[in-house]
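The values are calculated or read from the model by the stated rules, or taken from the named source; none is laboratory data. None of these values were measured; they are calculated from a predicted model. Don't worry about glycine lacking a Cβ; one is built from the backbone with ideal geometry, like all the others, and counts go over all protein chains shown.
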Amino acid sequence: MDTTAPDLASLAEVRNVLSSLPDDLPVVPEHASRILLALGRQYTPLSLRKLRCISTKGPRFQKAPNGRVTYLVGDLRRFAGTNAA
């Protein structure tokens, strides 16, 4: 696992890509964790799971009948305190 911090140029690049994603795009918890990190909020997929189970303070999520959990990009932006693109 790479533990080096990303440089500012790569963070800016990630934010540019994120700004082009539609608000209604569903993402799995692993991707939601990475999106939140790029938006300045550090939550692991396990932390997101705990928030879903024991708290109402996490980002909104959707749970399919098969148990699959997804987050909408717009909900992640709102949770992170940033405006939608």
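Residues of the range 13-28 include none that is at pLDDT 85 or above, touching a Leu at 6+ places or on another chain (Cβ under 9 Å) and farther than 16 Å from residue 78 by Cβ. Residue 20 meets each of the listed conditions (1) surrounded by 11 or more Cβ atoms within 10 Å (Cβ to Cβ); (2) touching a residue at least 24 places away in the same chain (Cβ under 8 Å) apart from (1). Got at least one residue in the range 54-74 being within 13 Å of the chain's Cα centre (by Cα), of a type in the set (Lys, Arg) and part of a helix (DSSP H, G or I)? Looking for residues that are within 13 Å of the chain's Cα centre (by Cα), of a type in the set (Lys, Arg) and part of a helix (DSSP H, G or I), one finds none in the range 54-74, hence no.
Among the residues of the range 35-46, what is the count of those that are surrounded by 13 or more Cβ atoms within 10 Å (Cβ to Cβ) and either modelled with pLDDT under 95 or assigned to a loop (DSSP other than H, G, I, E, B) (or both)?
8
Summed over the range 22-81, the residues that are among the β-branched types (Val, Ile, Thr), over 23 Å from residue 10 (Cβ atoms) and in contact with a helix residue (DSSP H, G or I) (Cβ under 7 Å, 6 or more places away or on another chain) give a count of 1.
Within the range 11-45, how many residues turn out to be under 19 Å from residue 57 (Cβ atoms) and of a type in the set (Lys, Arg)?
Selection size over the range 11-45: 1.
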